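Notes for the one structure printed next.
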Amino acid sequence: MSGVSKACCSIPPIVAQGYQAKGEYKTLKGLKTYVTGPENASKAILVIYDIFGFFDQTIQGADILATANEQKYRVFMPDFFEGEPADITWFPPQTEEHKQKLGNFFQTKAVPPNTLEKIPQVVSEANQLAPYGGFESWSILGYCWGGKITALAAGKDNQIFKAAVQCHPAMLAPDDAKSVTIPMAMLASKDEKPEDVQAFGANLQVPNYVETFTTQIHGWMAARSNLEDAEVRKEYERGYKTALEFLHKHA
């Protein structure tokens, strides 16, 4: 995949502060879920947020994914942490207390298998909201911790998703790539280990697109994005354009 085509996307101006969500919250399998995009969309995206949960920058990203391409999507972002996300002040950890709280969060709230087992049920219930009894296709996109969930959900047991995108993935394990069965894009930040990014890309046996956004921190497309910074705003937009072009091609 080379560059981003001019026809790809019509991304509305990025809102730096006080973003007004375009979607609404519904309950799917007992989880509060942000739902956005046209109700008659034929394709859907499951978005897996980062450990900080529902943030304006992440909600704005979901709205961009839903409507910025000529292919519109219904986007679902479930609250897998059930109202108890990590506190953004814990990261990066400045104190021993921050380290302990983050460690505890990953050992209790953010254990990947616990989230993975909920995904088929959420998708099944979301399909009941689709026109004609179900969506034509599903993709998955995850940020940070959600990137790890995305890599695992796209593995050999996957029977749901047609394409996947990881944005600044956390816990990046090159071996995960060997099991991925669907086209995958990975948009890395300068904070992921370059050797892990390279090895993950090399291990993918499927159509893929791997790029490191060298000026951006871990989290620039989600909760840790400082959209008042012009360079961040530009690369935030470019990240979403890149993701949408990949999904348009493969989903």
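A few remarks follow.
- Selection within the range 64-110 - among the acidic types (Asp, Glu), modelled with pLDDT of 95 or more and loosely packed, with under 12 Cβ neighbours inside 10 Å: Glu84, Glu96, Glu97
- First in the range 16-45 and under 15 Å from Phe80 (Cβ atoms), second anywhere and acidic (Asp, Glu) and buried (at least 16 other Cβ atoms within 10 Å of the Cβ), Cβ under 7 Å, 6 or more apart: Leu28/Glu125; Lys29/Glu125; Leu31/Asp79; Lys32/Asp79; Thr33/Asp79
- The numbered conditions (1) surrounded by fewer than 22 Cβ atoms within 10 Å (Cβ to Cβ); (2) closer than 27 Å to Gln159 by Cβ are all true for Ala16 except (2).
- Considering Ser139, Ser124, the condition of being under 22 Å from Lys162 (Cα atoms), among the small types (Gly, Ala, Ser), exposed (fewer than 14 other Cβ atoms within 10 Å of the Cβ) and within 21 Å of the chain's Cα centre (by Cα) is satisfied by Ser124 alone.
- Annotation note: Cβ proximity below 9 Å between a residue of the range 115-130 that is at pLDDT below 95 and a residue that is buried (at least 17 other Cβ atoms within 10 Å of the Cβ) and aliphatic (A, V, I, L, M) (sequence gap 6+ or interchain) occurs for Leu129/Leu28; Leu129/Val35; Ala130/Ala41; Ala130/Ala44.
- The residues of the range 197-213 that are out of contact with any helix residue (DSSP H, G or I) (no Cβ under 6 Å at 6 or more places or on another chain) and assigned to a helix (DSSP H, G or I), listed by number, are Val197, Gln198, Gly201, Ala202.
- Against the conditions (1) over 25 Å from Gln216 (Cβ atoms); (2) part of a helix (DSSP H, G or I); (3) of a type in the set (S, T, N, Q), Thr150 satisfies every one except (1).
- Top-ranked residue in the range 20-33 [being assigned to a loop (DSSP other than H, G, I, E, B), surrounded by fewer than 17 Cβ atoms within 10 Å (Cβ to Cβ) and not basic (Lys, Arg); ranked as nearest to the chain's Cα centre (by Cα)]: Ala21
- Any hit, the range 86-102, residues being within 18 Å of the chain's Cα centre (by Cα) and either in contact (Cβ under 8 Å) with a residue 40 or more places away in the chain or within 22 Å of Ala222 (Cα to Cα) (or both): yes
- On the stretch given as the range 203-236, residues that are surrounded by fewer than 17 Cβ atoms within 10 Å (Cβ to Cβ), more than 16 Å from Val165 (Cα to Cα) and of a type in the set (A, V, I, L, M, F, W, C) total 2.
- The range 35-51, residues that are of a type outside the set (D, E, K, R), more than 18 Å from Ile149 (Cα to Cα) and in a strand (DSSP E or B): Val35, Thr36
- So Ala177, is it more than 21 Å from Thr33 (Cα to Cα), modelled with pLDDT of 95 or more, surrounded by 19 or more Cβ atoms within 10 Å (Cβ to Cβ) and not basic (Lys, Arg): yes
- Enumeration of residues in the range 216-251 that are part of a loop (DSSP other than H, G, I, E, B) and aromatic (Phe, Trp, Tyr): Trp220
- Qualifying position, being among the aromatic types (Phe, Trp, Tyr) and assigned to a loop (DSSP other than H, G, I, E, B), among Phe76, Phe106, Phe54: Phe54
- Among residues of the range 155-167 that are farther than 18 Å from Val122 by Cα, those with a Cβ under 6 angstrom from a residue that is of a type in the set (Phe, Trp, Tyr), sequence gap 6+ or separate chain, pair up as Cys167/Tyr143.
- Matching option when the condition is closer than 22 Å to Val111 by Cβ and not acidic (Asp, Glu), among Ser189, Ser179, Ser225: Ser179
- Near pairs, Cβ below 8 angstrom, 6+ apart or cross-chain, from the range 227-244 (over 16 Å from Ala68 (Cα atoms) and in contact (Cβ under 8 Å) with a residue 60 or more places away in the chain) to any residue that is basic (Lys, Arg) and assigned to a helix (DSSP H, G or I): Leu227/Arg233
The values are calculated or read from the model by the stated rules, or taken from the named source; none is laboratory data. Owing to the predicted nature of the structure, the values given are computational and were not obtained by experimental measurement. Quick reminder, even Gly has a Cβ in these numbers, built from the backbone with ideal geometry, and neighbours come from all protein chains shown.
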